[in-house]
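The values are calculated or read from the model by the stated rules, or taken from the named source; none is laboratory data. Bear in mind the structure is a predicted one, so any value in this text is a computation, not a measurement. Cβ atoms come from the backbone with ideal geometry, glycine included; neighbour counts cover every protein chain shown. Heavy atoms of the whole protein, side chains included, go into the accessibility calculation; ligands, DNA and RNA do not. Shrake-Rupley method; radii C 1.70, N 1.55, O 1.52, S 1.80 Å.
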Amino acid sequence: MSFDATLLANAAVSALRAYDPGHDLPTLRQRFGAALSELGSNENPLGPSPAAIAAAREAVGTMWRYPDPVGASLKRVLADRLGVETCQLVLGNGSHELLMLLAQCFADAAHSVVYSQFGFAVFPIATAAAGAQGIAVPALPSDHPEAPFGHDLDAMAAAIRTDTRLVYLANPNNPTGSSFGDAELEAFMACVPGHVIVVVDEAYHEYVDRPGLSTAMHLLDRYRNLVVTRTFSKAYALAGLRTGYLAADASIAAVLERLRESFNVNGIALAAAEAALGDEAHLGRVRDTNASDRAWLAGELVARGLRVFPSQTNFLLVDIGGDASALEARLFAAGVIVRPMGGYGLGQTVRISIGSRGELDRLLEHLK
Ligand SMILES: *Cc1c(COP(=O)(O)O)cnc(C)c1O
């Protein structure tokens, strides 16, 4: 008897493909050592706050115990910072887990979920995992003056149906780097019916320096159907520990808690995240370094005749005017990892993280 479990996967999962990192990182690290430029995953080259590293080290001593199941201490610090109650917060093993959990808890085969054409890749996956129908709304045109390929909020509002339960927005968005302002979000929220939960993924919030864009957190009081997700993986540089959080109405948090895995955030991550929040000077250095290196890299790429999309994040989306996978392979052989965006249907573009100056210098050297 031949056995093939791929034929047994449920309908939604049959349509999905597994995440393909596209390369074997451990082997590459061995081969290139410190000369490897890892510019594919939007990690923070400055690393975490020394206080976070110290807290993580200390927490290692208690790893034989289960962590605090509710993450009370981290939640208190976050609640204080965000001006919300602790019962409005849910912690996740990365914000990816929370994005999945939202669809699992609020959508099923009877529902649709709205997101943007070039919105974050997890949105359609979360939708499929819940068995819901995804509605990918066409993005803004590539020649849009402020947000090429960005979210078309008017079209997204118009795409909402009576069976829609969730809308996923990323602000700023990955992989486009695009963003929309507070006023645009407010106008959007004003026309979303109350049975639709709007998730604003703010994974890159700490990097934002655009006037008129602060955070969706300010709207939580006014719109009880709003969810804001954040992560410690990007600006706080704790990607390897997997921690994120969301803030929402307490009733939304209560529903999510029913399905949240017990002990989903480990004790080392809880300790490191709390300490990272306390080191604002480090975060300031991260922001400043990213802003200046991002501007510098964009200038260098434009000078080489490439089109660079506006970015409010720690990466740049770059149109190379040709087949990006060929460029990726060439850079790859030289120990420079970038992320081609063919999977998003953006086959002429690559996404380049704002790595260290050494990493970026090597990129430019091999781009010639
Ligand atoms: C990186 C990223 C995340 C989350 O990452 P986690 O490590 O799971 O917290 C979420 N949304 C966007 C848009 C991202 O780019």
Over the C-alpha atoms of the chain, what are the Rg and the largest Cα-to-Cα span, Dmax, in Å? 20.5, 64
Please give the per residue volume of the convex hull enclosing the alpha carbon atoms of region 243-368, rounded to a whole number of Å³. 173 Å³
Both in Å, the radius of gyration and Dmax of the C-alpha trace of region 111-238 are 13.8, 40
Using 0.36 nm per residue of separation minus the Cα-Cα distance, give me the extension gain between residue 7 and residue 64 in nm, one decimal. 16.5 nm
Could you list which residues have their amide H under 5 Å from that of residue 336, counting only those 5 or more apart in sequence or on another chain, with H placed in the peptide plane? 37
Given the C-alpha centroids of region 249-311 and region 8-33, what is the distance between them in whole angstrom? 23 Å
Distribution of pairwise C-alpha distances over region 223-274, 10 Å bins, in %: 22, 46, 30, 2
Taking alpha-carbon centroids only, region 35-51 lies from region 133-192 a number of Å equal to 29 Å
Given Cβ charges of +1 for Lys and Arg and -1 for Asp and Glu, the option among 329, 88, 14 whose Cα lies farthest towards the positive end of the dipole of the chain is 329
Contact order normalised by residue count of the chain, Cα under 8 Å, 6+ apart, percent: 24 percent
Summing -39500 (n - 2.57) over every DSSP H run of at least 4 residues in the chain and dividing by its residue count gives a helix-only mean residue ellipticity at 222 nm, to the nearest 500 deg cm²/dmol, of -11000 deg cm²/dmol
Between residue 347 and residues 5 or more places away or on another chain, the pairs with built amide H atoms under 5 Å apart involve none
The FRET efficiency for residue 24 and residue 186, from their Cβ-Cβ distance with R0 = 56 Å and rounded to 0.05, is 0.75
Determine ³J(HN,Hα), in whole Hz, for all residues of region 41-55 in sequence, where each value follows from phi through the Karplus function 6.51 cos²θ - 1.76 cosθ + 1.60 and θ = phi - 60°; x replaces Gly and Pro. 10, 6, 7, 8, x, 7, x, x, 4, x, 5, 5, 5, 5, 5
Would you kindly derive the ³J(HN,Hα) couplings of region 209-223 from the backbone phi angles with the Karplus curve 6.51 cos²θ - 1.76 cosθ + 1.60 (θ = phi - 60°), listing them in order in whole Hz, with x for Gly and Pro? 9, 7, x, x, 10, 10, 7, 6, 3, 4, 8, 4, 5, 8, 10
What's the magnitude of the charge dipole for region 69-203 around its Cα centre, counting Lys and Arg as +1 and Asp and Glu as -1 at the beta-carbon? Answer in Debye, nearest 20. 460 debye
For region 240-252, 3J(HN,Hα) per residue [Karplus equation, 6.51 cos²θ - 1.76 cosθ + 1.60, θ = phi - 60°, Hz, x = Gly/Pro]: x, 8, 6, 9, x, 8, 9, 10, 6, 4, 4, 6, 5
For region 167-281, taking Cα atoms only, what is the radius of gyration to one decimal and the Dmax to the nearest whole Å? 15.0, 42
From zero outward in steps of 5 Å, how is the percent of C-alpha pairs of region 14-160 spread across the bins? 2, 7, 9, 12, 14, 16, 17, 13, 8, 3, 0
Between residue 142 and residues 5 or more places away or on another chain, the pairs with built amide H atoms under 5 Å apart involve 149
If you place +1 on the Cβ of every Lys and Arg, -1 on the Cβ of every Asp and Glu, and leave all else neutral, what size is the dipole of region 50-277 about its Cα centre, to the nearest 20 Debye? 620 debye
If you rank 87, 105 by how much accessible surface each has, with a 1.4 Å probe, what is the order from largest down? 87, 105
